[in-house]
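Input: a single structure, listed below in structure tokens.
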Amino acid sequence: MLSIFTIKMTFNFENSKKVFLAKKDKSSMQQIDEKIRILCEKINQRKDYFTTSSCSGRIVLLADEEKKLPGLFLYRTHNKINLKNFKKILQDTTKIAQGTILFKQEPALLVVACKNKENQWKLFSEARNNGWKKSGILSMDKKNLIELFATEHISFPIIKNKKILVDDNFLKILVKKANENLKKTWEKIKRLEELLEEL
């Protein structure tokens, strides 16, 4: 009875992986970020895992709304930002923005489905011990989902009622820190790529 159950679970996981990876990318970018592509490919090449969502880290300006409505994102990049260009982006945003606009620098994110609880705990523990400190277990059903989160993060209101809330000196510090955070999160992506070879 146990062996039949195990075979059924294996078949379900493999079939789910095949179907999911064949689906069209439904993210707003409609493609995997280049800086996390290799990591996703390495995970998906393994028989015990597949990725369901990913982000290499990003900097965004978005409306301070609870629901993800159309037009929520006013600016978004997965690359480092330039002070001069970003100041212009902020000024342009004040012309179209309503209410409060948030600045966010977000870390790398990866959601992975695992074949069983042993694989789930192995990848989760390895990631947590190597900088992905905000990671968590999302489910322990057939997919055994884990969410891997790095720690580099900045979030605060930057525009309110069409006015920029910070001065140029603060912006200079902000740009430097946000870029440093992105660099750190990209290094964690590369490190996890290397660790996969040992799992």
Check your understanding: Of the residues in segment 16-32, how many are under 26 Å from residue 71 (Cβ atoms) and modelled with pLDDT of 90 or more?
Key -> 0
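Confirm whether residue 72 is open to solvent by less than 60 Å² (accessible area, probe 1.4 Å) and at pLDDT below 95. Spell out the reasoning first.
Numbers: open to solvent by less than 60 Å² (accessible area, probe 1.4 Å): yes; at pLDDT below 95: yes.
Taking the combined requirement at face value, the residue satisfies it.
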Point to revise | All positions within segment 115-132 that are outside any helix (DSSP H, G or I) and modelled with pLDDT under 95 | key: 115, 116, 129, 130, 131
Exercise for review: Tell me which of these residue 190 doesn't satisfy, since it passes every other one: (1) among the charged types (D, E, K, R); (2) surrounded by 14 or more Cβ atoms within 10 Å (Cβ to Cβ); (3) within 25 Å of residue 80 (Cβ to Cβ).
Suggested key: (2)
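Scan segment 50-61 and tell me whether some residue there is small (Gly, Ala, Ser) and free of Cβ contacts under 8 Å to residues at least 40 places away in the same chain.
No, that holds for no residue.
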Review point. Any chance segment 90-101 includes a residue that's open to solvent by 20 Å² or more (accessible area, probe 1.4 Å), more than 17 Å from residue 195 (Cβ to Cβ), modelled with pLDDT under 95 and assigned to a loop (DSSP other than H, G, I, E, B)?
Key: yes
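Looking only at segment 141-177, count every residue that is assigned to a helix (DSSP H, G or I) and open to solvent by less than 60 Å² (accessible area, probe 1.4 Å) and tell me the total.
Adding up the residues that qualify gives 3.
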Check your understanding: Which condition does residue 104 not pass, out of (1) assigned to a strand (DSSP E or B); (2) in contact with a helix residue (DSSP H, G or I) (Cβ under 6 Å, 6 or more places away or on another chain); (3) of a type outside the set (S, T, N, Q); (4) open to solvent by 40 Å² or more (accessible area, probe 1.4 Å), if it passes all the others?
Key -> (2)
Point to revise | Whichever residue in segment 107-117 is open to solvent by 10 Å² or more (accessible area, probe 1.4 Å) and of a type in the set (A, V, I, L, M, F, W, C) and, among such residues, is farthest from residue 155 (Cα to Cα) | key: 111
Exercise for review: Give the residue, chosen from 84, 42, 88, 115, that is out of contact with any strand residue (DSSP E or B) (no Cβ under 9 Å at 6 or more places or on another chain) and touching a residue at least 60 places away in the same chain (Cβ under 8 Å).
Suggested key: 42
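The values are calculated or read from the model by the stated rules, or taken from the named source; none is laboratory data. Only a predicted model underlies this, so the values are computations on that prediction, with no experimental measurement involved. As a convention, Cβ positions derive from the backbone with ideal geometry for all residues, glycine included, and neighbour counts pool all protein chains shown. Accessible surface areas use protein heavy atoms only, side chains included; no ligands, DNA or RNA. Shrake-Rupley method; radii C 1.70, N 1.55, O 1.52, S 1.80 Å.
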